[in-house]
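The values are calculated or read from the model by the stated rules, or taken from the named source; none is laboratory data. Quantities reported herein were computed from a predicted structural model and do not represent experimental measurements. Neighbour counts run over all protein chains shown; Cβ positions are idealised from the backbone, glycine included. Accessible surface areas use protein heavy atoms only, side chains included; no ligands, DNA or RNA. Shrake-Rupley method; radii C 1.70, N 1.55, O 1.52, S 1.80 Å.
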Amino acid sequence: MIHVLVVDDSKVSRDLLSGILESEPDISVIGTASDGNEAVRLANILSPDIITMDINMPGMDGFEAARRIMEESPIPIIIISGVDNLAEIAASFRVMEAGALAILPKPPHPTSPDFPVKSLEIINAIRTYVEIKVIKRVRTHSPKNETLKHTTIPKGVHPRVIVIGASTGGPPVIQTILRILDPKFPLPLVLVQHMSPGFIMGFAEWLSESTGFNVKIPGLNEKLLPGVLYVAPDGVQTGVSGDLRIILSDAPSEHNLRPSVSYLFRSAAGNLGASAVGVLLTGMGTDGSQELLNMRKKGSITLIQDRASSIVYGMPGEAMRIGAASLILSPEDIAQQLQVLAG
């Protein structure tokens with residue numbers, strides 16, 4: 001049985017979410033809280049297996065509540081947020097800085113045709129993320145004198161673009177990398193971040209505001225510019241062309257994902273060969289791992305996140321297993337390596 005604590009200042013929202021979860025035989029709502037203070041107190045008393053957390057609440061908000069819970073008694077936290085308020089979405093990603101695992105949209109009214117699908121998304125997330133063991137982490141750094149000496153770019157190879165894939169735990173890792181990179185970074189970066197539909201724009205805004213880096217959602221055939229992180233939009237496959245333009249395609253989902261890291265990395269390998277650098281970060285599943293190996297076979301330098309700093313070592317772990325990584329590094333060292341590779 002999965003024991004859930006539901007946190008939301010709206011009784012209507014609490015009752016709706018509790019009803020959705022209680023309809024499942026393997027899920028039990030063992031408590032509800034209407035504000036952050038109550039959430040912290042009940043987390044300590046009830047020791048739930050997982051918490052659903054609202055953002056804007058009276059008194060202590062979702063960010064502070066999540067921070068306190070992760071400091072005192074780490075428990076998996078999923079943010080349940082509205083998708084119609086860009087400021088609230090951007091605020092949701094601050095809670096991921098505090099340790100939340102994912103952001104999902106609030107369920108619509110039961111009369112909505114989307115209600116069954118959105119409810120199932122929340123139920124599946126509960127079952128998935130409850131398996132993740134969250135701990136108070138001390139980030140480890142790969143020894144600089146052991147990694148930097150191996151970043152020599154092969155003769156005749158000139159990196160032109162960085163392609164990045166991430167899933168569970170990715171947003172704060174991307175934030176860490178961008179904060180370290182020079183704002184005048186001389187190459188464009190293209191990112192596929194697995195995320196529920198409706199949150200990408202807020203994610204880009206949060207990244208831009210919290211790092212000072214230029215972050216945007218690209219359009220079809222948009223020319224890639226240096227010093228810009230392009231975040232793949234919802235619902236389309238996103239790739240890069242040989243003349244450094246954005247490819248947006250309605251090609252089928254891969255690994256049940258659109259956009260998928262696999263599509264991005266495949267386009268980089270096929271269109272740019274050794275002049276693309278591949279980066280695979282924390283995440284569930286295997287999306288992008290085989291395609292990262294293909295990039296490496298084409299001469300690309302490929303970096304994956306290390307196990308110690310990853311929330312979930314699925315995607316990078318598979319890449320490591322099949323030999324897709326040139327280097328295995330912490331987020332901080334990935335940023336430093338990219339700076340070296342960019343020249």
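On inspection, residue 36 qualifies as touching a strand residue (DSSP E or B) at 6+ places or on another chain (Cβ under 9 Å) and without any contact (Cβ under 8 Å) to a residue 60 or more places away in the chain.
Within the stretch 36-60, the residues that satisfy the criterion of being open to solvent by 40 Å² or more (accessible area, probe 1.4 Å) and either of a type in the set (A, V, I, L, M) or assigned to a loop (DSSP other than H, G, I, E, B) (or both) are 45, 46, 47, 49, 56, 58, 59. Give me a count of the residues in the stretch 92-119 that are more than 18 Å from the chain's Cα centre (by Cα), in contact (Cβ under 8 Å) with a residue 60 or more places away in the chain and in a helix (DSSP H, G or I). Matching residues across the stretch 92-119 total 1.
A single member of 249, 253, 241, 262 is modelled with pLDDT of 95 or more, buried (at least 18 other Cβ atoms within 10 Å of the Cβ) and among the small types (Gly, Ala, Ser), and it is 262. For the stretch 142-170, filtering for residues that are part of a loop (DSSP other than H, G, I, E, B), modelled with pLDDT under 65 and open to solvent by 50 Å² or more (accessible area, probe 1.4 Å) leaves 2. Of a type in the set (Asp, Glu), without any contact (Cβ under 8 Å) to a residue 40 or more places away in the chain and farther than 24 Å from residue 257 by Cα: does that describe residue 24? Here the answer is no, as residue 24 does not meet what is asked.
One line per residue, one yes/no per condition, for (1) under 16 Å from residue 168 (Cβ atoms); (2) of a type in the set (Val, Ile, Thr):
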| site | (1), (2) |
| --- | --- |
| 247 | no, yes |
| 273 | no, no |
| 278 | no, no |
| 285 | yes, no |
| 293 | no, no |
| 314 | yes, no |
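Restricting the stretch 75-91 to residues that are in a strand (DSSP E or B) and touching a Lys or Arg at 6+ places or on another chain (Cβ under 8 Å), the residue that is surrounded by the fewest Cβ atoms within 10 Å (Cβ to Cβ) is 80. The set of residues from the stretch 173-207 being over 25 Å from residue 223 (Cβ atoms) and modelled with pLDDT of 95 or more comprises 173, 175, 176, 179, 180, 194.
Apart from one condition, residue 63 fits all of (1) out of contact with any Pro (no Cβ under 9 Å at 6 or more places or on another chain); (2) open to solvent by 50 Å² or more (accessible area, probe 1.4 Å); (3) outside any loop (DSSP other than H, G, I, E, B); the exception is (2). Residue pairs whose Cβ atoms lie under 6 Å apart, sitting 6 or more positions apart in sequence or on different chains, and linking a residue in the stretch 320-343 that is among the aliphatic types (A, V, I, L, M) to a partner that is open to solvent by 30 Å² or more (accessible area, probe 1.4 Å), are 324/296; 335/180; 342/186.
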